[in-house]
Amino acid sequence: MGRPYGTELRGSGGRTPAPGPHHAEGTSMHRFLRTPSLRHAAAALALTLAVSGSAVSATAASAPGDRSSTGPSGRAWFTSWAQSQQELAPAPLRDQSVRMIARLSQGGGALRVRIQNTFGKDPLTVGAATVGRSGAGDASVSGAVRTVTFDGRRGVVVPPGGEVWSDATSLRTRAQDDVAVSLSVSGTVTPGRHSSAFRTNYLTPPGSGDHTGEASGSAYTQTTGSTYLVSAVDVRNPALKGTIVAFGSSVVDGTGSTDCGPGCTPDGTDQRWTDHLARRITAELPRTRQLAVANAGIGGTTSSDACPRTPAGVQGLDAAARLERDVLALHGVTGVLYYYGTNDLANGCDADRILHSYREVFQRLRAAGVEVYVTPVTPRPGYSDRNNLDRHAVGTFVKKRNSCDHTCDGVMDFDQVLKDPLKPNSIDPAYDTGDGVHVNIAGQRALGDFVSLPMLLASAARR
């Protein structure tokens, strides 16, 4: 049933199915390409030839994977970190380098990275790329800086709307390691980004050129709170049992995870509930039953594409629209934690529209062999009576037979965790950031503590 990995072109009007978790994967998948059209592919190839003989076009054929070192499930690669691209950055990059930091949920013997130009209007030329273990809270790299290649070449051109996975790069990592991914961008291009990294990332000044090979980080004098271009990091670790993807809006993305209360300074970064869940997995599960965790949250998004008041900035980013790119295109995915609905209600969707979107997404995930775990819609004090009636209807559906009436695989009742026992349509004051919508670090930890690890392992066991 599996499709071979390799270069894949798709027309602008079509949808290319992404490789699901059931596909056997080799230890060296040089690149899985998506490009929006043959016209863009040809333009990218022409630009590549004009710019540099050392850069490969993102439409070149991929080498077949080496299947010699896969685990018993046939999988060796698992997505260990992700941040979904959502928009273009407010300013272009001009012949400069970026250094993005990724906290791995699990480690391995090698890694590979995904670079996206999903929202780009022009070809993205990456002249060089490196990876290394991130230094202590700055732009430095601790230890060796490893060159990243694309079909054996140092550079790659990604056409507008396209994406590229790198070759495997040997770098031994452990769970909770921070990895620095550095890219040198040639020419002038406006990069795609994930707007809220909830940590600091780094850039060199415009016109400064390639500083990807430098360990000191001294050239990276500019900072950003967004993540540019890099949207996923895989690790090669055949011992892992699967990747769990958290999929939703700002309540998944991590809004509130830097808030530990008045007068408090957060103890480091990576305090989202998904980060806490990843640390629990590492600490509480046996070494032979480990899972990776990836975060596919985008603030402001909805499950349904039919909510009448959805802001323009997130239209086209509903759950069904980005499911292939942000979930199914990741590797080793066995389960999804589905946390949507709060924005749907706020943006005018009723229960029927929300549940229609749930059923569509759940069906697609389960058809791909991915199990789905769902939370009832969590509280907001600003909900109208109509909103709360619809919230009740959605919650009843989700909890019916503990399986969304046999359309999902389990329930994680975050509503029960977060609601104020005395005012159940509001968040518990101990967890509220003050906006009535998002939860602070204590609330993030409560959510991460609530998820059943045996439930998540069951998704892998049934593969």
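The values are calculated or read from the model by the stated rules, or taken from the named source; none is laboratory data. If you're wondering where the values come from, they're calculated on a predicted model, not measured in any experiment. Cβ atoms come from the backbone with ideal geometry, glycine included; neighbour counts cover every protein chain shown.
Cβ-Cβ distance below 7 Å, separation of 6 or more or different chains: which pairs start in segment 83-111 with a residue that is within 23 Å of L330 (Cβ to Cβ) and end on one that is outside any strand (DSSP E or B) and aromatic (F, W, Y)? Within 7 Å, the pairs are Q85/F119; E87/F119; L88/F119; R99/Y220. In segment 280-329, of all residues being small (G, A, S) and in a loop (DSSP other than H, G, I, E, B), the one that is farthest from the chain's Cα centre (by Cα) corresponds to A306.
Within segment 136-164, being in a strand (DSSP E or B), of a type in the set (A, V, I, L, M, F, W, C) and buried (at least 19 other Cβ atoms within 10 Å of the Cβ) holds for V141, F150, V156, V157, V158, V164. I'd like to check something: does segment 340-354 contain any residue that is assigned by TED's automatic domain parsing to the domain that holds N402, within 30 Å of V113 (Cα to Cα), at pLDDT 95 or above and not in a loop (DSSP other than H, G, I, E, B)? Taking every residue of segment 340-354 in turn, none turns out to be assigned by TED's automatic domain parsing to the domain that holds N402, within 30 Å of V113 (Cα to Cα), at pLDDT 95 or above and not in a loop (DSSP other than H, G, I, E, B). Looking at (1) part of a strand (DSSP E or B); (2) over 19 Å from L323 (Cβ atoms), find the lone condition where Y373 falls short. So Y373 meets the others, but not (2).
Could you list all residues from segment 123-169 that are closer than 15 Å to G107 by Cβ and under 22 Å from the mean Cα position of the chain (by Cα)? Answer for segment 123-169, where residues must be closer than 15 Å to G107 by Cβ and under 22 Å from the mean Cα position of the chain (by Cα): V131, G132, R133, S134, A168, T169. Selection over segment 237-267 of residues that are on the phi > 0 side of the Ramachandran plot and either of a type in the set (D, E) or without any contact (Cβ under 8 Å) to a residue 12 or more places away in the chain (or both) gives a count of 1.
Condition check for G137 on (1) of a type outside the set (V, I, T); (2) farther than 17 Å from A232 by Cβ; (3) in contact with a strand residue (DSSP E or B) (Cβ under 8 Å, 6 or more places away or on another chain): one failure, at (3). Residues in segment 435-463 that are without any contact (Cβ under 8 Å) to a residue 12 or more places away in the chain and either under 22 Å from the mean Cα position of the chain (by Cα) or under 28 Å from N343 (Cα atoms) (or both): 1 in all. Answer with yes or no whether V336 is part of a loop (DSSP other than H, G, I, E, B) and closer than 25 Å to R322 by Cα. Spelling it out, it is not the case that V336 is part of a loop (DSSP other than H, G, I, E, B) and closer than 25 Å to R322 by Cα.
In segment 72-116, the qualifying residues are those that are of a type in the set (S, T, Y) and out of contact with any helix residue (DSSP H, G or I) (no Cβ under 7 Å at 6 or more places or on another chain), and the one that is farthest from N201 (Cα to Cα) is S73.
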